[in-house]
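Scroll down for the structure; my scribbles are underneath it.
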Amino acid sequence: MPGLIWWNPLTWPVEPVLLLAAEIAVILYLFGAPAARRPPSARWGPARWRSLAFYAGIGVILLSLNGPVEAYARTLFWVHMSQHLLLITVAAPLLVLSAPGLRLWRGLPLKLRRPLARTALRAPRLKPLRAAFAFVTAPIPVWVLAAANLWLWHLPALYDLTLRHHLVHHLEHTLFLGLGLLFWAQVIDQPPFHSALSQFQRLMYAFTATIASWVLAALLGLSSAAFYAYADLPVRPGGITALTDQQIGAGIMWVPGSIAYSILIIWCVMLWLRDEERAAEASVAAHAHGVQAP
C-alpha cells in the first residue's frame, strides 16, 4: 500500500468508529466487574481467564480491522480472507468464552438498565420482536444464517462490492462477527447461561459447520480462474498472481480456519464420552440397587 510502513503505526489506516466501539465495550466491562475482592488462591480462577479472553477478543478485532491487515486486505485476497477468519474463528469464540453479557450489562448505569430491561422484556408492542429474536437465535436458524452469510459474501458480486464501498465492507465484518458470536454461543456455555444442545449435538453442530467451510475453500482453491476484482489490479504485493492469491486464501480457510472448529470438536468428543460413561455407571448402579432391594 502506498505510504504504508508496516513497522510505523503512524502510517496505518485506522477505523475511528471501531476504536470507539472497542473503548466503550472495555469501559463497560471494567465498570461491570464484581466489587467483591477474590482471595489470592482464586487469582487465576475462571473469572480471570474469562477477562483475559475478553481483552484478547477485543484485541483480535482491532488487529484484524486496523493497521497493516486492513491495508493489505484491499490488495490481497488472502489477507482479506484472514480478516474474516480472525473474526469468525478467533475473536468470536474468545468473546463467547469470556461470557461478557452480564458484566457488560452491569456496566451500564442502574437508571438506564431498569427502563431498558422493562421495555425489552415487558413492552407489548415488542412482543413480535422478542418472538423473532428467540427464533433467530435458536441453534438451527443460527447455523443456517452463519453458513449462508459465509457463502453469500464470497459470491463475486457481493465480495467485489465490499472492495468498492467501505460501508458495505463494514456491514460484511459486522455480520461475520455478530453471527460468529451467535454460532459459538450455541456450543460454549456462558455462565449462568447454558446451551440447549447436548455434547453430541454440539459436536455435530461444529462438524457440519466445518464441512460447509471446507466446501467453500475447496471451490476457491481448486478453481482454475480467479473470481474477484483483485484480478483487475495491475500489481499485487509480493508479485503473486491473482489465482495464487486466491489459492493461498483458500488454503488459509481450509487449514488455519479449521483449528478452532477442530479444538471444539475434540473437546465435545471428550465431554460426550465422559457423559456417556457417567450415564452407563449410573445405569449399572441403579440396576445393582434394584437387584439388591428386598
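The values are calculated or read from the model by the stated rules, or taken from the named source; none is laboratory data. In this text the structure is predicted, and so the values were computed from the model without any measurement. Cβ placement follows ideal geometry from the backbone for every residue including glycine, while neighbour counts extend to all protein chains displayed. Protein only, heavy atoms only, side chains kept; ligands, DNA and RNA dropped before computing areas. Shrake-Rupley method; radii C 1.70, N 1.55, O 1.52, S 1.80 Å.
Annotations
- Remark: pairs (first residue in the stretch 127-139, closer than 14 Å to Ser195 by Cα; second residue assigned to a helix (DSSP H, G or I) and open to solvent by less than 70 Å² (accessible area, probe 1.4 Å); Cβ separation under 9 Å; 6+ apart in sequence or on different chains) = Thr137/Leu182; Thr137/Ala185; Pro139/Tyr205.
- Meets criteria (of a type outside the set (Val, Ile, Thr), in a helix (DSSP H, G or I) and free of Cβ contacts under 8 Å to residues at least 24 places away in the same chain) for Leu264: no
- Only one of the numbered conditions (1) surrounded by 12 or more Cβ atoms within 10 Å (Cβ to Cβ); (2) within 28 Å of Gln247 (Cβ to Cβ) is not met by Thr137, and that is (2).
- Boolean, Phe207 is surrounded by 13 or more Cβ atoms within 10 Å (Cβ to Cβ) and not in a helix (DSSP H, G or I): no
- For Phe183: the one exception among (1) surrounded by 15 or more Cβ atoms within 10 Å (Cβ to Cβ); (2) farther than 30 Å from Trp49 by Cβ; (3) of a type outside the set (Gly, Ala, Ser); (4) within 16 Å of the chain's Cα centre (by Cα): (2)
- Scanning the stretch 93-114 for residues that are in a helix (DSSP H, G or I) and touching a Lys or Arg at 6+ places or on another chain (Cβ under 9 Å) yields Leu97, Arg103, Trp105, Arg106, Arg113.
- When Trp151, Trp143 are checked against the criterion of being over 27 Å from Val14 (Cα atoms), within 18 Å of the chain's Cα centre (by Cα) and open to solvent by 70 Å² or more (accessible area, probe 1.4 Å), Trp151 stands alone in meeting it.
- Candidates Leu197, Leu220: the one that is part of a loop (DSSP other than H, G, I, E, B) and either open to solvent by less than 80 Å² (accessible area, probe 1.4 Å) or closer than 18 Å to Ala148 by Cα (or both) is Leu197.
- Filter result (open to solvent by 20 Å² or more (accessible area, probe 1.4 Å), closer than 18 Å to Ala242 by Cβ and either of a type outside the set (A, V, I, L, M, F, W, C) or free of Cβ contacts under 8 Å to residues at least 60 places away in the same chain (or both)) within the stretch 54-89: Tyr72, Arg74, Thr75, Ser82
- Helices (runs of 4 or more DSSP H) lying entirely in the stretch 44-92 (those with 2 or more residues that are among the hydroxyl-bearing types (Ser, Thr, Tyr) and under 19 Å from the mean Cα position of the chain (by Cα)): 46-65
- Of all the residues in the stretch 210-229, those that are touching a residue at least 60 places away in the same chain (Cβ under 8 Å) and farther than 16 Å from Asp245 by Cα number 2.
- Screening Leu220 against (1) at pLDDT 90 or above; (2) within 21 Å of Pro93 (Cα to Cα); (3) among the aliphatic types (A, V, I, L, M) leaves a single unmet condition, (2).
- Within the stretch 241-251, the set of residues being over 10 Å from Gly221 (Cα atoms) and crowded, with 16+ Cβ neighbours inside 10 Å comprises just one member, Ala242.
- Within the stretch 115-125, the set of residues being surrounded by 10 or more Cβ atoms within 10 Å (Cβ to Cβ), part of a helix (DSSP H, G or I) and not charged (D, E, K, R) comprises Leu116, Ala117, Thr119, Ala120.
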